[in-house]
Amino acid sequence: GLAGETALGVRLLPVLAVLLQTALIYGLGLLLFQQDRTRALAAAVLYGTLPVVLISALNVTTDVYLMTLELAATYGILRYYHGGGARWLYLFWLGLGLAFLTKGPVGFVLPL
């Protein structure tokens, strides 16, 4: 592993996934709030400090990865609809496909 066979090694990737989730929330905030950086930052800070998010960062389950992939797919489709070009559809489908591989059918059920 990245940090060896320690508690840090086991918990490092979920923490990094939550950091990526927070960055994706900031990006979604920029898209949804018409580039208002203050509101996007507020959304990211609120999300990143939710107890359920902080707890998920310390759990050793695949739930944190599912949420990261679902947020990436959401960012991809919204970026596409905001005129970002067809390349963002790749992120959408890649996120959903990897979410399906991570947790099974729930990776497709949540977006529906």
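The values are calculated or read from the model by the stated rules, or taken from the named source; none is laboratory data. Nothing here was measured: the structure is a model prediction, and the numbers come from that model. Virtual Cβ from ideal backbone geometry, glycine too; neighbours counted across all protein chains shown. Just the protein is used for accessible areas: all its heavy atoms, side chains included, with ligands, DNA and RNA removed. Shrake-Rupley method; radii C 1.70, N 1.55, O 1.52, S 1.80 Å.
Here are a few things to note about the model shown:
- Under the criterion of Cα pairs below 8 Å and six or more residues apart, the relative contact order for the chain equals 23 percent.
- Rounded to 10°, Cα long-axis angle of helix 7-32 versus longest principal axis of the chain: 10
- Computed from Cα atoms, the angle from the helix 87-103 axis to the main principal axis of the chain rounds to 30 degrees.
- 0 to 90° range, to nearest 10: angle between helix 63-79 axis and the chain longest Cα axis: 10
- Note that the chain presents 63 Å² accessible area per residue, ligands and nucleic acids not counted, probe 1.4 Å.
- Accessible-area rank, largest first, for VAL64, VAL15: VAL15, VAL64, with all protein chains present and a 1.4 angstrom probe.
- GNM top mover of PHE33, PHE92, PHE100 - the chain, alpha-carbon springs below 10 Å: PHE33
- Farthest positive-ward along the chain dipole, Cα basis, beta-carbon charges - from ALA73, ALA17, THR38: THR38
- The Rg/Rh ratio for the chain, using Cα coordinates for both the radius of gyration and the Kirkwood hydrodynamic radius, is 1.00.
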